[in-house]
Amino acid sequence: MNFDTKHLVRWGIPGWILIMMLGPYIFFSYQQEIKEMSKTINVLALGAFLTIIGVPLGYLLNQIHHSITWVLVRVKILNGMYKKGTWDDYFEKELKLDEIFFKDEIGAKKKERYTYLLSRKHELGGVTVSLGLSSIVILIFKISEKINGAWSWIYLAVVIILFLIILLSRNYSSRNIDKYYKHYLESIDNPNNSN
């Protein structure tokens, strides 16, 4: 298995952001309880644990984004049954792209750009899921625990604003990769129009 530390960081970022967003909120909401717990828990060990747990948590958040925005949109449900061919049609188009990407040096450069744009979309998608989930959890805490204080509303607003900014960036990246995808497929179908 070829493992690169960039994957570790890429998978970890959404998990670490979730921890970073929820951690301060929980700390300030339950200061007294946390101070009591910190007498029996090694804070350094807890920090190490949260750092390590951020990677599988982030990987899970990335997979949620991938499943919702990449896999599910390619599934057509017909009378409760999976319509065969929907994913297969997409896979066929991906194989067509490979014809461009593995054709020559220019194709390899196109593949590099396509890979970058696709990675960017999914990186931002994992962070979007992380911030969206953080917003929901904080809102649930506020409603169910009746946490008072203007700071908690401000904190929630900041998390929601961050969510919206990253969502906008993610949608921009998504439109960008979709444009490349469509352009490359059209260049296969109409070789005279290709660049």
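The values are calculated or read from the model by the stated rules, or taken from the named source; none is laboratory data. Quick caveat: nothing in here was measured; it's all calculated off a predicted structure. Reconstructed Cβ throughout: ideal geometry from the backbone, glycine too, with neighbour counts over all protein chains shown.
Which residue pairs have Cβ atoms under 8 Å apart, sit 6 or more places apart or on different chains, and have a first residue in segment 92-115 that is closer than 14 Å to LEU185 by Cβ and a second that is polar (S, T, N, Q)?
The qualifying pairs are ILE100/SER187.
From the list GLU33, GLU112, exactly one residue is modelled with pLDDT of 90 or more and either out of contact with any helix residue (DSSP H, G or I) (no Cβ under 8 Å at 6 or more places or on another chain) or under 22 Å from LEU8 (Cβ atoms) (or both). Which is it?
GLU112
Considering segment 27-58 alone, what residues qualify as being in contact (Cβ under 8 Å) with a residue 12 or more places away in the chain and either out of contact with any Phe, Trp or Tyr (no Cβ under 9 Å at 6 or more places or on another chain) or within 18 Å of LEU162 (Cα to Cα) (or both)? Steps first, answer last, please.
In the first step, residues of segment 27-58 are kept if they are in contact (Cβ under 8 Å) with a residue 12 or more places away in the chain; the result is 28-29, 50-51, 53-58.
Answer for segment 27-58, where residues must be in contact (Cβ under 8 Å) with a residue 12 or more places away in the chain and either out of contact with any Phe, Trp or Tyr (no Cβ under 9 Å at 6 or more places or on another chain) or within 18 Å of LEU162 (Cα to Cα) (or both): ILE53, GLY58.
Which condition breaks for LEU164 when tested against (1) part of a helix (DSSP H, G or I); (2) in contact (Cβ under 8 Å) with a residue 24 or more places away in the chain?
Among (1) part of a helix (DSSP H, G or I); (2) in contact (Cβ under 8 Å) with a residue 24 or more places away in the chain, the lone unmet condition for LEU164 is (2).
Inside segment 116-157, can you point out the residues that are assigned to a loop (DSSP other than H, G, I, E, B) and touching a Phe, Trp or Tyr at 6+ places or on another chain (Cβ under 8 Å)?
Selection gives ILE147 alone.
Inspect segment 97-109 for any residue being within 30 Å of VAL55 (Cα to Cα), under 25 Å from the mean Cα position of the chain (by Cα) and in a helix (DSSP H, G or I) and give the result as yes or no.
no
Looking at TRP87 and the list (1) within 19 Å of VAL71 (Cα to Cα); (2) among the aromatic types (Phe, Trp, Tyr); (3) surrounded by 15 or more Cβ atoms within 10 Å (Cβ to Cβ), which single condition is not satisfied?
Here TRP87 clears every test but (3).
State whether the residues of segment 156-179 include one that is of a type in the set (A, V, I, L, M, F, W, C), under 15 Å from GLY15 (Cα atoms) and modelled with pLDDT under 95.
no
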